[in-house]
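Structure first, commentary second.
The values are calculated or read from the model by the stated rules, or taken from the named source; none is laboratory data. Keep in mind that what you see is a predicted model, and the values were worked out from it rather than measured. Cβ sites come from the backbone with ideal geometry, for glycine too, and all protein chains shown count toward neighbours. SASA here: full protein model, heavy atoms, side chains in, ligands and nucleic acids out. Shrake-Rupley method; radii C 1.70, N 1.55, O 1.52, S 1.80 Å.
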There are 2 protein chains.
Amino acid sequence: MTAPSDTTDARLESWLPVAAGSDFPIQNLPFGVFTSEGRLPRIGVAIGESVLDCFELAEAGFVDDCCEPELLQAPLLNPLLAAGREQWTALRERLSSLLRADGDRRLRDANPSRFLVARADATMHVPMEVGDYVDFYSSIEHATNLGRIFRPDADALLPNWRWLPVGYHGRSSTIVVDGTPVRRPCGQRKLPTAPNPEFGTSRRLDIELEMGFVTGPGNRLGEPIAMADASEHIFGLVLVNDWSARDIQAWEYQPLGPFLGKSFATSISPWIVTLEALEPFRIEGPLQEPQPLEYLRSGDPWAYAITLEVRLQTARMRGSGTAPVRISQTTFRDMYWNVAQQLAHATANGAVTRPGDLFASGTISGSAPGTQGSLIELTWNGEHPLQLPEGETRGFLEDGDEITLLGWCERPGARRIGFGSVRGRIEAPQGRV
Amino acid sequence: MTAPSDTTDARLESWLPVAAGSDFPIQNLPFGVFTSEGRLPRIGVAIGESVLDCFELAEAGFVDDCCEPELLQAPLLNPLLAAGREQWTALRERLSSLLRADGDRRLRDANPSRFLVARADATMHVPMEVGDYVDFYSSIEHATNLGRIFRPDADALLPNWRWLPVGYHGRSSTIVVDGTPVRRPCGQRKLPTAPNPEFGTSRRLDIELEMGFVTGPGNRLGEPIAMADASEHIFGLVLVNDWSARDIQAWEYQPLGPFLGKSFATSISPWIVTLEALEPFRIEGPLQEPQPLEYLRSGDPWAYAITLEVRLQTARMRGSGTAPVRISQTTFRDMYWNVAQQLAHATANGAVTRPGDLFASGTISGSAPGTQGSLIELTWNGEHPLQLPEGETRGFLEDGDEITLLGWCERPGARRIGFGSVRGRIEAPQGRV
């Protein structure tokens, strides 16, 4: 990847109106899948308050000389993800040219209503078929905090943690998009004082603020992806809320790891922000001690300076018109293990990664108060509840609570690149309780 | 489900020759996906030494009044799996009628070469797209043995084990079919005496003898599958070899469970044996103490009396013409947690199961010597190597070793129902070691 490129130049302007501070200036151009006006799902690119309809772009022949039209006329991003970086770059340059004030005039001179849909009128979908979903555990502060809470009598950080990016497979069937309600799950849980477990609705429903990367072409069985090739296989990033039922998780997770405490829902933001768009915010990550083993080393910077925020609005706040309150603000930049290391590690044994796979970072937590990415950390297992407007408190989530995750990149000399948001509201369980 | 049905009657005979003791009499009729003569993948049903070509059956109109032809003219079983039990039963009855000596004569009177392929000439494939793959841990003997080996200083069986079927998500992208070579994986491993881990090829490569069930229609998000509805959602069973790199697993698995120690390959047998075919071998499972919680209870018998065998042939044995030797024989009938409980538990939190999902049982081990489903148990972590013909010994697998898993059901008054086999040969790693 080269940086800065024409398409990330902060001076670029689109002929389409883009408000100052928008998450989606012409330097961003994230990909998603949308429906509008009862049509079948289509690939779209966010620009300002609009969605650029890629199906129509291909239909009009505007990408003919840079991209197979079929890649843009699919109901999911998987074919485009499979096409690889050279194709992604050519397409990005074309989109940028078609949208910029001094670029290719064909789109600008055409009937814009054919090609543009208001973002407010578009229904967004999970933009790819996710073959496998992996969740890492790559924040040292989060791993330390959870070790202290779940295993108070042992070392908080296990011996393997600084040597490899610990991770596990999650359930891909329950990956849902921004706005999908989350039904409070039932499951087995056991109070520390009770002799036996019981079955019922989770009482310790939590969030996990994460970032996730979506993969491109992928590898063949038995052929690992080297660190040096990671950028060929990582298309872009999304926000992830790895909803977690702490009571179910605590009872079930030994010795084979999280299962039903996590598998009821994982929410992602609808727009995949590409590595190209994030290039101006790519930085060196934290020092790793001990030095990683050879297969996890790289001379390239692989951290991204992404600011992240968690907001909460309770049913009562919504009823009285009180805006969501920020309950955490943190950054992705300090994650101990980076995306390239995660991909190299996950394939080191020859395991196959396919186009559209999702690899989430694990909860992103800082060390200062108010910078943790989960309620279990922010409230220290519920012992120090959050104080909310109108006198409410929260240890864990209650029915009707809505969580919004936000993420964006900003620095002097670059245009803001945003991820939009991923929201989810907790619904009461139906049927047996 | 009703039993015994016309299609399981032991007196049924096909007009096609089926050898005595065949795994695939007319009472079986397992489904798979095959290619032959350079054609695209097709759905097939095994009968004796033949594969019945379901694409051609549908093309000829032989199923028109019982089944949408598209369900049989797909390259994967997923559409048929989605169609549900009523459809499966109608199709099974039709296939049985077309194949039996006293049944529907249309197939028998047609040109058989159009409809039949010799099994020896068919290349088998993973018959379904697996959305999510879950692996349980449901043999009490196996869980006890591994607890003793991995956690010698703690209780072998953790407190949750008798209350819920412990399980985790595996990697669906590396599910491979019978005969696919298994490349020895690389990974991090740490000798107990070494201060640091190192990266290299696994030295403790193992098998896990398992059964897996393949799901049908599945549920909607937030709506669990009750025990009473399990048979609507379980299509059939396959043999599973959950290859395991014990050194990688031991170093990585805490606290989030198995990851790269398992994700390099999972082999399945090519023929899915339906629940209908297994009905004569359905029995009461072992007593569960304590009594399971309400959502895991059923008045129906949910164990299956399946005999299982593991065979090993080393490269030297192959070279000298020595047949594979049996290294384990055990049974599926004693598994503590059954398939219906596994499905009810996995969806108890509302998680979605899709057509084609695979749920494996976990290693199947008995308590008597020689009845364990993994080398780590059979050799007690390599301390008591297996003695093989020609003076060889094995603690774990060496390059060139080929493992074959076999499974079948037999009892007086019923025809043998077999699973065929799942084989895998260990290849040396390529590239960096």
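For the range A:95-118, check the following and say yes or no: at least one residue is more than 17 Å from residue A:42 (Cβ to Cβ) and within 12 Å of another protein chain (Cβ to nearest Cβ).
Checking the range A:95-118: not a single residue is more than 17 Å from residue A:42 (Cβ to Cβ) and within 12 Å of another protein chain (Cβ to nearest Cβ).
Exactly one condition in (1) under 28 Å from residue B:35 (Cα atoms); (2) open to solvent by less than 20 Å² (accessible area, probe 1.4 Å); (3) among the acidic types (Asp, Glu) is not met by residue B:178; state its number.
Among (1) under 28 Å from residue B:35 (Cα atoms); (2) open to solvent by less than 20 Å² (accessible area, probe 1.4 Å); (3) among the acidic types (Asp, Glu), the lone unmet condition for residue B:178 is (2).
Does residue B:185 fit the bill of being within 11 Å of chain A (Cβ to nearest Cβ), modelled with pLDDT of 95 or more and open to solvent by less than 10 Å² (accessible area, probe 1.4 Å)? Talk me through it step by step, then tell me what you get.
Details: within 11 Å of chain A (Cβ to nearest Cβ): yes; modelled with pLDDT of 95 or more: yes; open to solvent by less than 10 Å² (accessible area, probe 1.4 Å): yes.
Answer is yes for this residue.
Could you list, in sequence order, all residues of the range A:309-326 that are open to solvent by less than 30 Å² (accessible area, probe 1.4 Å) and either more than 11 Å from residue A:392 (Cβ to Cβ) or under 26 Å from the mean Cα position of the chain (by Cα) (or both)? Full working, then the answer.
Initially, the range A:309-326 is screened for residues open to solvent by less than 30 Å² (accessible area, probe 1.4 Å), giving A:309-310, A:312-314, A:317.
Listed by number, the residues that qualify are A:309, A:310, A:312, A:313, A:314.
Condition check: within 14 Å of chain B (Cβ to nearest Cβ) and in contact with a Lys or Arg (Cβ under 8 Å, 6 or more places away or on another chain). Does residue A:257 satisfy that? Write out each step before concluding.
Numbers: within 14 Å of chain B (Cβ to nearest Cβ): yes; in contact with a Lys or Arg (Cβ under 8 Å, 6 or more places away or on another chain): no.
Taking the combined requirement at face value, the residue does not satisfy it.
Restricting the search to the range B:148-179, which residues are assigned to a loop (DSSP other than H, G, I, E, B) and at the interface with chain A (Cβ under 7 Å from one of its Cβ atoms)? If you could, list the steps in order and put the result at the bottom.
Of all residues in the range B:148-179, those assigned to a loop (DSSP other than H, G, I, E, B) come to B:151-166, B:171, B:178-179.
Listed by number, the residues that qualify are B:158, B:160, B:163, B:164, B:166, B:171.
Consider residue A:212 against the criteria (1) among the small types (Gly, Ala, Ser); (2) outside any strand (DSSP E or B); (3) open to solvent by less than 20 Å² (accessible area, probe 1.4 Å): it satisfies all of them except one. Which criterion is unmet?
Every listed condition holds for residue A:212 apart from (2).
Quick check: is even one residue across the range B:203-220 farther than 25 Å from residue B:32 by Cα, at the interface with another protein chain (Cβ under 8 Å from one of its Cβ atoms) and touching a strand residue (DSSP E or B) at 6+ places or on another chain (Cβ under 9 Å)? Can you show your working first?
Quick first cut of the range B:203-220, residues farther than 25 Å from residue B:32 by Cα only: B:203-206, B:220.
Those left that are additionally at the interface with another protein chain (Cβ under 8 Å from one of its Cβ atoms): none.
Looking for residues that are farther than 25 Å from residue B:32 by Cα, at the interface with another protein chain (Cβ under 8 Å from one of its Cβ atoms) and touching a strand residue (DSSP E or B) at 6+ places or on another chain (Cβ under 9 Å), one finds none in the range B:203-220, hence no.
Got at least one residue in the range A:283-292 being surrounded by fewer than 22 Cβ atoms within 10 Å (Cβ to Cβ), in contact with a Gly (Cβ under 8 Å, 6 or more places away or on another chain) and either within 14 Å of another protein chain (Cβ to nearest Cβ) or on the phi > 0 side of the Ramachandran plot (or both)?
The first filter runs over the range A:283-292 and keeps only residues surrounded by fewer than 22 Cβ atoms within 10 Å (Cβ to Cβ), leaving A:283-292.
Those left that are additionally in contact with a Gly (Cβ under 8 Å, 6 or more places away or on another chain): none.
No.
Return the residues of the range B:96-151 that are under 26 Å from residue B:351 (Cβ atoms) and hydrophobic (A, V, I, L, M, F, W, C); say none if nothing qualifies.
First, pick out the residues of the range B:96-151 that are under 26 Å from residue B:351 (Cβ atoms): B:126-140, B:142-143, B:146.
Once the filter is applied, which keeps residues that are under 26 Å from residue B:351 (Cβ atoms) and hydrophobic (A, V, I, L, M, F, W, C), the range B:96-151 yields B:126, B:128, B:130, B:134, B:136, B:140, B:143, B:146.
Look through the range B:188-204, keep the residues that are touching a residue at least 60 places away in the same chain (Cβ under 8 Å) and out of contact with any Pro (no Cβ under 8 Å at 6 or more places or on another chain), and return whichever of them is surrounded by the most Cβ atoms within 10 Å (Cβ to Cβ).
Kept after step one, since they are touching a residue at least 60 places away in the same chain (Cβ under 8 Å), are these residues of the range B:188-204: B:188-190, B:200-201, B:203-204.
Of the ones still in play, those that are also out of contact with any Pro (no Cβ under 8 Å at 6 or more places or on another chain) are B:200, B:203-204.
Working: B:200: 15, B:203: 17, B:204: 20.
Looking at the filtered set, the residue picked out is B:204.
Using beta carbons and a limit of 7 Å, which pairs, at least six apart or on different chains, have the first residue in the range B:358-372 and closer than 12 Å to residue B:166 by Cα and the second one open to solvent by 10 Å² or more (accessible area, probe 1.4 Å)?
From the range B:358-372, the pairs are B:361/B:335; B:362/B:137.
Which of (1) at the interface with chain B (Cβ under 8 Å from one of its Cβ atoms); (2) closer than 30 Å to residue A:80 by Cα is the odd one out, the single condition residue A:197 does not satisfy?
Tallying (1) at the interface with chain B (Cβ under 8 Å from one of its Cβ atoms); (2) closer than 30 Å to residue A:80 by Cα, residue A:197 fails exactly one: (2).
Taking the condition of being outside any loop (DSSP other than H, G, I, E, B) and of a type in the set (A, V, I, L, M, F, W, C), how many residues in the range B:362-415 meet it?
Filtering the range B:362-415 for residues outside any loop (DSSP other than H, G, I, E, B) gives B:375-378, B:386-387, B:389-391, B:393-394, B:402-409.
Now drop any that are not of a type in the set (A, V, I, L, M, F, W, C), which leaves B:375-376, B:378, B:386, B:403, B:405-406, B:408-409.
Number of matching residues: 9.
Only one of (1) at the interface with another protein chain (Cβ under 7 Å from one of its Cβ atoms); (2) open to solvent by 10 Å² or more (accessible area, probe 1.4 Å) fails for residue A:247. Which number is that?
Looking at each condition in turn, residue A:247 falls short on (1).
For the range B:260-283, give me each residue that is farther than 15 Å from residue B:135 by Cα, of a type in the set (Val, Ile, Thr) and in contact with a Lys or Arg (Cβ under 8 Å, 6 or more places away or on another chain). Give the steps one after another, and end with the answer.
Residues of the range B:260-283 that are farther than 15 Å from residue B:135 by Cα, as a first pass: B:269-283.
Among the residues that remain, those that are also of a type in the set (Val, Ile, Thr) are: B:272-274, B:283.
Scanning the range B:260-283 gives B:274, B:283.
Can you find, within the range A:262-272, the residue that is nearest to residue A:10 (Cα to Cα) among those that are in a loop (DSSP other than H, G, I, E, B) and more than 8 Å from chain B (Cβ to nearest Cβ)?
Ranking the qualifying residues of the range A:262-272, first place goes to A:271.
Answer yes or no: is there a residue in the range A:197-206 that is in a strand (DSSP E or B), in the same structural domain as residue A:330 (by TED's automatic domain parsing), farther than 30 Å from residue A:276 by Cβ and in contact with a Ser or Thr (Cβ under 9 Å, 6 or more places away or on another chain).
Filtering the range A:197-206 down to residues in a strand (DSSP E or B) leaves A:198-201, A:205-206.
From what's left, in the same structural domain as residue A:330 (by TED's automatic domain parsing): A:198-201, A:205-206.
Pick out the ones that are also farther than 30 Å from residue A:276 by Cβ and you get A:198-201, A:205-206.
Still in the list and also in contact with a Ser or Thr (Cβ under 9 Å, 6 or more places away or on another chain): A:205-206.
Yes, the range A:197-206 has at least one match.
For the range A:329-357, name all the residues that are under 19 Å from residue A:163 (Cα atoms) and among the β-branched types (Val, Ile, Thr).
Across the range A:329-357, the qualifying residues are A:339, A:347.
Report whether or not residue A:238 is within 9 Å of chain B (Cβ to nearest Cβ), assigned to a strand (DSSP E or B) and within 17 Å of the chain's Cα centre (by Cα).
Values: within 9 Å of chain B (Cβ to nearest Cβ): no; assigned to a strand (DSSP E or B): yes; within 17 Å of the chain's Cα centre (by Cα): yes.
For residue A:238, the condition - within 9 Å of chain B (Cβ to nearest Cβ), assigned to a strand (DSSP E or B) and within 17 Å of the chain's Cα centre (by Cα) - is not met.
Yes or no: residue B:74 surrounded by fewer than 20 Cβ atoms within 10 Å (Cβ to Cβ), at pLDDT 95 or above and more than 27 Å from residue B:301 (Cα to Cα)? Before the answer, list the steps.
Working: surrounded by fewer than 20 Cβ atoms within 10 Å (Cβ to Cβ): yes; at pLDDT 95 or above: yes; more than 27 Å from residue B:301 (Cα to Cα): yes.
So residue B:74 fits the description; yes.
May I ask you to verify whether residue B:425 is within 14 Å of chain A (Cβ to nearest Cβ) and either crowded, with 18+ Cβ neighbours inside 10 Å or closer than 27 Å to residue B:147 by Cα (or both)?
yes
So which of A:215, A:193 ends up being within 30 Å of residue A:77 (Cα to Cα) and hydroxyl-bearing (Ser, Thr, Tyr)? First the steps, then the outcome.
Numbers: A:193 fails: within 30 Å of residue A:77 (Cα to Cα).
Among A:215, A:193, only A:215 is within 30 Å of residue A:77 (Cα to Cα) and hydroxyl-bearing (Ser, Thr, Tyr).
Out of curiosity, is residue B:145 open to solvent by 10 Å² or more (accessible area, probe 1.4 Å), of a type in the set (S, T, N, Q) and assigned to a helix (DSSP H, G or I)?
Numbers: open to solvent by 10 Å² or more (accessible area, probe 1.4 Å): yes; of a type in the set (S, T, N, Q): yes; assigned to a helix (DSSP H, G or I): yes.
For residue B:145, the condition - open to solvent by 10 Å² or more (accessible area, probe 1.4 Å), of a type in the set (S, T, N, Q) and assigned to a helix (DSSP H, G or I) - is met.
How about the range B:13-51: which of its residues are of a type in the set (Lys, Arg) and open to solvent by 50 Å² or more (accessible area, probe 1.4 Å)?
Start the filter on the range B:13-51 by keeping residues that are of a type in the set (Lys, Arg), which leaves B:39, B:42.
Scanning the range B:13-51 gives a single hit, B:39.
How many of the residues in the range A:84-106 are touching a Cys at 6+ places or on another chain (Cβ under 8 Å) and either touching a residue at least 40 places away in the same chain (Cβ under 8 Å) or buried (at least 18 other Cβ atoms within 10 Å of the Cβ) (or both)? Full working, then the answer.
Within the range A:84-106, the subset touching a Cys at 6+ places or on another chain (Cβ under 8 Å) is A:87, A:90-91, A:93-94.
Remaining after also requiring either touching a residue at least 40 places away in the same chain (Cβ under 8 Å) or buried (at least 18 other Cβ atoms within 10 Å of the Cβ) (or both): A:87, A:91, A:93-94.
So the answer is 4.
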